[in-house]
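Asker: A single structure is presented below for examination.
The values are calculated or read from the model by the stated rules, or taken from the named source; none is laboratory data. Keep in mind that what you see is a predicted model, and the values were worked out from it rather than measured. Every residue, glycine as well, gets a Cβ built from its backbone with ideal geometry; the counts of neighbours run over all protein chains shown.
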Amino acid sequence: MADIDRKIRLLMQLRREGITDTAVLGAIEKVPRERFIAEALRHQAYENLPLPIKQGQTISQPYVVAFMTQKLELQERMKVLEIGTGSGYQAAILAQICRRVYTIERHRTLYLEARAIFEEMGLHRVITLHGDGMRGWPSQAPFDRIIVTAAAFGEVPQTLTDQLAPGGLMLVPVGDSATGQQIVRVHRADDGTVHTENILPVRFVPLVSGVPAGS
């Protein structure tokens with residue numbers, strides 16, 4: 001089966017599972033997921049599965065990428081912060097919809113590879129940083145939207161909540177593999193008060209502070 005047929009099948013599956021935002025579906029259709037995974041796994045690029053990448057990380061299941069992107073309620077003038085660039089696929093999806101994506105990766109190998117892909121694809125809306133995602137990106141805050149692609153242990157990181165603009169939304173997985181993880185949607189109201197809700201059980205790699213030695 002050709003990639004175009006696999007992609008059509010995936011898009012139909014996403015629609016059946018509740019992905020209705022046409023901008024999100026259009027981004028999934030436009031971005032070549034095979035570009036973000038190892039050549040040996042490219043035949044699985046349009047399966048609705050997470051796949052391994054370097055440094056013990058994963059490229060998320062297409063449904064989870066689409067679900068989180070839809071729940072961000074993006075608009076084209078928004079500025080978005082992503083914690084955990086990983087393969088770069090989620091950032092590439094976001095860049096199809098919003099004005100600017102700031103993405104942070106703690107593993108230098110992943111950071112360099114994703115940055116190279118963004119350059120090759122002409123994704124000039126994506127701004128990359130090699131660093132500690134737990135700190136966020138204070139010099140560019142506040143952000144209209146924040147998306148975290150690794151699971152925080154125990155609670156939503158306050159440093160990231162503090163970088164969310166009034167009226168902003170953040171999606172962050174919270175929990176561990178033993179007790180289970182949930183994507184938490186954080187809304188900062190216009191008066192500054194913060195409200196949270198659990199919206200989807202998931203399984204993500206842990207959100208870790210600091211930068212690996214040698215990076």
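Asker: Residue 139: surrounded by fewer than 21 Cβ atoms within 10 Å (Cβ to Cβ) and out of contact with any Pro (no Cβ under 7 Å at 6 or more places or on another chain), yes or no?
Answerer: So residue 139 passes the test.
Asker: So, in region 163-215, of the ones that are closer than 25 Å to residue 107 by Cβ and of a type in the set (Ser, Thr, Tyr), which residue ends up surrounded by the most Cβ atoms within 10 Å (Cβ to Cβ)?
Answerer: Within region 163-215, the match that is surrounded by the most Cβ atoms within 10 Å (Cβ to Cβ) is 215.
Asker: Moving on. Regarding residue 200, is this residue outside any loop (DSSP other than H, G, I, E, B) and at pLDDT 95 or above?
Answerer: Against the criterion (outside any loop (DSSP other than H, G, I, E, B) and at pLDDT 95 or above), residue 200 does not qualify.
Asker: Going residue by residue through region 29-41, is there one that turns out to be outside any loop (DSSP other than H, G, I, E, B), touching a helix residue (DSSP H, G or I) at 6+ places or on another chain (Cβ under 8 Å), buried (at least 19 other Cβ atoms within 10 Å of the Cβ) and of a type in the set (Lys, Arg)?
Answerer: Yes, region 29-41 contains a residue that is outside any loop (DSSP other than H, G, I, E, B), touching a helix residue (DSSP H, G or I) at 6+ places or on another chain (Cβ under 8 Å), buried (at least 19 other Cβ atoms within 10 Å of the Cβ) and of a type in the set (Lys, Arg).
Asker: Within region 58-87, how many residues are surrounded by 20 or more Cβ atoms within 10 Å (Cβ to Cβ) and part of a loop (DSSP other than H, G, I, E, B)?
Answerer: 8
Asker: Going by the conditions given, is residue 101 of a type in the set (A, V, I, L, M, F, W, C), surrounded by fewer than 24 Cβ atoms within 10 Å (Cβ to Cβ) and either within 22 Å of residue 157 (Cβ to Cβ) or in contact with a Phe, Trp or Tyr (Cβ under 6 Å, 6 or more places away or on another chain) (or both)?
Answerer: no
Asker: May I ask you to verify whether residue 128 is hydroxyl-bearing (Ser, Thr, Tyr), at pLDDT below 95 and closer than 24 Å to residue 76 by Cβ?
Answerer: Considered against the rule, which asks whether it is hydroxyl-bearing (Ser, Thr, Tyr), at pLDDT below 95 and closer than 24 Å to residue 76 by Cβ, residue 128 comes out as no.
Asker: What do you reckon, is residue 117 more than 14 Å from the chain's Cα centre (by Cα), over 16 Å from residue 137 (Cβ atoms) and either hydroxyl-bearing (Ser, Thr, Tyr) or outside any strand (DSSP E or B) (or both)?
Answerer: Here the answer is yes, as residue 117 does meet what is asked.
Asker: Determine if region 203-213 includes at least one residue that is among the hydrophobic types (A, V, I, L, M, F, W, C) and outside any loop (DSSP other than H, G, I, E, B).
Answerer: Scanning region 203-213 turns up no residue that is among the hydrophobic types (A, V, I, L, M, F, W, C) and outside any loop (DSSP other than H, G, I, E, B).
Asker: While we're looking at this one, here's another question. Please go through region 142-162 and give me each residue that is surrounded by 14 or more Cβ atoms within 10 Å (Cβ to Cβ) and in a loop (DSSP other than H, G, I, E, B), ordered by number.
Answerer: Of everything in region 142-162, those that are surrounded by 14 or more Cβ atoms within 10 Å (Cβ to Cβ) and in a loop (DSSP other than H, G, I, E, B) turn out to be 142, 149, 150, 156, 157.
Asker: Then there's this: Residues in region 152-182 that are in contact with a Lys or Arg (Cβ under 8 Å, 6 or more places away or on another chain) and among the aliphatic types (A, V, I, L, M): how many?
Answerer: Qualifying residue count, region 152-182: 5.
Asker: Would you be able to tell me the number of residues in region 98-114 that are within 17 Å of residue 78 (Cβ to Cβ) and either over 14 Å from the mean Cα position of the chain (by Cα) or part of a strand (DSSP E or B) (or both)?
Answerer: The total comes to 5.
Asker: Something else now. Find all pairs meeting these conditions: Cβ atoms under 7 angstrom apart; at least six residues apart or on different chains; first residue within region 9-28 and in contact (Cβ under 8 Å) with a residue 12 or more places away in the chain; second residue of a type in the set (Asp, Glu) and surrounded by 11 or more Cβ atoms within 10 Å (Cβ to Cβ).
Answerer: 11/29
Asker: Does at least one position in region 177-187 carry a residue that is farther than 13 Å from residue 83 by Cβ, assigned to a strand (DSSP E or B) and modelled with pLDDT under 90?
Answerer: Yes, region 177-187 contains a residue that is farther than 13 Å from residue 83 by Cβ, assigned to a strand (DSSP E or B) and modelled with pLDDT under 90.
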